[in-house]
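Please read the structure below before turning to the comments.
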Amino acid sequence: MRKKHILLSIWRQSIEQFLIYRTTSVITFALALIFLLIQLYVGNFYFEDINSVAGWTKNQYFILITFTNSATYLYNIFFIVGHENFSEAILQGDLDYSLIRPVSSYWYLVGTNIDIPSIFNFFLSVILLAKYLRIELVGINQVVLISVELIMSSITIFLINQICISVTFWINGLTALYGAVEDMISFATHPRQIFPKLVQYIFTFLIPILLVTNIPVELVFGRVSWTYLLYFWIIITILYVISILMWKYGTKKYSSAN
C-alpha cells in the first residue's frame, strides 16, 4: 500500500506540474513531433533514388528512427525531469532532503517525476514503429524481442546519463556531459555501417550508443549474432554497478548548502 501511495503521489504531482506549465508542455510535444517528421522526411530524401543504404531499406531505416525515439521517450517519461534537476541539486548542495528520506536516495532523486508530454511522444513513436514493423511482416517472437530491447535501450540511456551527471560530484564544469548523450543518440540514429569500423567498435563496445540504437533492430532482422543480446545485458549490468558506485562515493564527497 505504501508503494501504491508513493506512485499515486508521483502521478498526481506530475499532472499538477503539467497543468501549471501546459503551454510549455504543448510546445515541447509539438517540437518533438516536428523533429520526428523531419527525420522521416530526410529518410525519404535518402531513399529517393535508391532502394537501400548500407544494406538498409527505407522501411527498416524508419524502424530504426521510431525505435530510437520510442526508447528515448520511454526514458524521458520516468527520468528526464529528475536528471535535469540532478546536477543542479549537487552543485547547489540541495540533496539533503533526498538523502534523508526512508527510501533509496539513488532512485528517489531521479525517479519521482513523470514527464507527461513524453507520454504522448512515446505512444506516437510506438504507433509508427508498429506500422513499419507490420510492413516487414515480423512475427510475434520478433515483436516480443523488440519490445524487450526497447526497455533495455531505455535503461541503458538512463544509466549512461546517470553516470555522466554523477561526474558533477567531482568536477563542477562537466554538466554539459548530460546534453552530450542526447547528441550522441541523434548521431547514432543512422545505419552503423555508414561509419568507419573504428567508430562502430567504439560506439558499440566502449560507449554503447550504437548498441542502443542499431543492434536491437539488426537483431530483429537477423543481421547480427545473438551474442550481442548477451553483451547488451552485460553492459547494462556493468553500467548499473558503475552508477551505483559513483552515487555511493559521490554522496560521501557531497557538501550540503545547509
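Any read-out appearing in this document is the output of simple, stated calculations on the displayed coordinates, not a laboratory observation. Please read all numbers here as calculations on a predicted model, not as lab measurements. With ideal geometry, Cβ positions are generated from the backbone for all residues, glycine too; neighbour counts draw on all protein chains shown.
For the chain, modelled as a GNM with alpha-carbon contacts under 10 angstrom, which of 215, 80, 244 fluctuates the most?
Its mean-square fluctuation being the largest, the pick is 244.
So if we plug the beta-carbon distance of residue 104 and residue 171 into 1/(1 + (r/R0)^6) with R0 = 25 Å, what FRET efficiency do we get, rounded to 0.05?
Efficiency, from the Cβ-Cβ distance: 0.50.
Which one, 233, 67, 135, is farthest towards the positive end of the dipole of the chain when Lys and Arg carry +1 and Asp and Glu -1 on their Cβ?
Checking the options against the dipole of the chain, the answer is 233.
Excluding residues fewer than 8 places away in the same chain, name every one of the aspartates and glutamates whose C-alpha is closer than 15 Å to that of residue 253.
The reachable aspartates and glutamates, counting only those whose Cα sits under 15 Å from residue 253, are 94, 96.
Computed from these coordinates, which is Kirkwood radius over Cα pairs in Å: (i) 21.9; (ii) 19.0; (iii) 19.6?
So the calculated entry is the one marked (iii).
In percent, what relative contact order does the chain have, based on Cα pairs under 8 Å that are 6 or more apart in sequence? Write down the numbers at each step before the final one.
Working: 252 pairs, mean separation 64.6, N = 258.
About 25 percent, as a whole number.
Roughly how many whole Å is it from the C-alpha centroid of the range 61-103 to that of the range 113-161?
Rounded to whole Å, the Cα centres lie 17 Å apart.
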